[in-house]
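Student: Starting off with a structure, shown below.
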Amino acid sequence: MGFSLHTERLTLRDYEAHDYGLVHELFLHPAMSVHHLSDQASADYVSEHFQFGREQTRWHPRAVYDLAIVAAGEALGVCGLKQDFWQRESASLNWHICPAHWQHGYATEAATRLLEFGFAELNLSVITASAFADNAASLRVMEKIGLRAAHNAGTAAWWRGLIVGEARPVVRYALTKEEWLASRVYAAASHFVAGGV
């Protein structure tokens, strides 16, 4: 059995052979490719990414989780958590949802589960996510799951874009384990005070 995580509506699981078409669509669809780095919008990149996603399931210890997002038996996107090579206590988070399934909360639900996995099970100290500054949908997801803008003022976002070969600003959001734990305590307390069960 491969690796999987579960939410109320979703299963996040390792890539399977038949997921190649999904990954191909997510990186090359015109509505999606505008949000990816320029060198990711190619069939060669898709093939390399998919092959890497399949191979890293055999790593021990595992440091990269590239997962398909499945709802009601249908794969509708991918998400991932990748630990930093030099600082294994930190990791970056990503998600990509097929345009036909936008605006249903799937990215938020998947990212929330990955945060929980990263902090509670991998014992990470910080999780980050990055996107082009004009990717409003991804920025909303980052904010919904509790990430906070990190060092994006002035020319920082532009320099971050230039470092990855893009003449566009890239913003970064981050959340520490302490902030995540505090938000869970606050949410539980608010639920109790409101009389929730």
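Bear in mind these aren't lab numbers, they're just calculated from the coordinates by the rules spelled out. Because the structure is predicted, anything quoted here is derived from the model rather than measured. With ideal geometry, Cβ positions are generated from the backbone for all residues, glycine too; neighbour counts draw on all protein chains shown.
Student: According to a simple spin-label model (label point 7 Å from Cα along Cα-to-Cβ), what is the distance in nm between Glu178 and Ala17?
Tutor: Simple spin-label model gives 4.9 nm for this pair.
Student: What nm distance separates the two modelled labels at Ala150 and Gln87, each placed 7 Å from Cα along Cα→Cβ?
Tutor: So the two model labels end up 0.7 nm from each other.
Student: Determine the gain in length on full extension of the stretch Ala41-His104; use 0.36 nm per residue of separation and subtract their C-alpha separation, reporting nm with one decimal.
Tutor: Length difference between fully extended and current span is 20.2 nm.
Student: Further question: Could you sort the peptides 93-100, 172-179 by per-residue average Cβ neighbour count (10 Å cutoff), highest mean leading?
Tutor: Ranking the peptides 93-100, 172-179 by packing returns 93-100, 172-179.
Student: Return the equivalent ellipsoid semi-axes of the chain as a descending list in whole Å, where each equals the square root of 5 times an eigenvalue of the C-alpha gyration tensor.
Tutor: Values for the chain, descending: 25, 22, 17 Å.
Student: Packing-wise, with mean Cβ within 10 Å as the measure, how do 67-77, 21-31, 104-114, 52-62 rank, highest first?
Tutor: The most tightly packed comes first, giving 104-114, 67-77, 21-31, 52-62.
Student: Among Met32, Met142, rank each residue by its count of other Cβ atoms within 10 Å, from fewest to most, as a rough exposure measure.
Tutor: Final ranking by Cβ density, sparse to dense: Met32, Met142.
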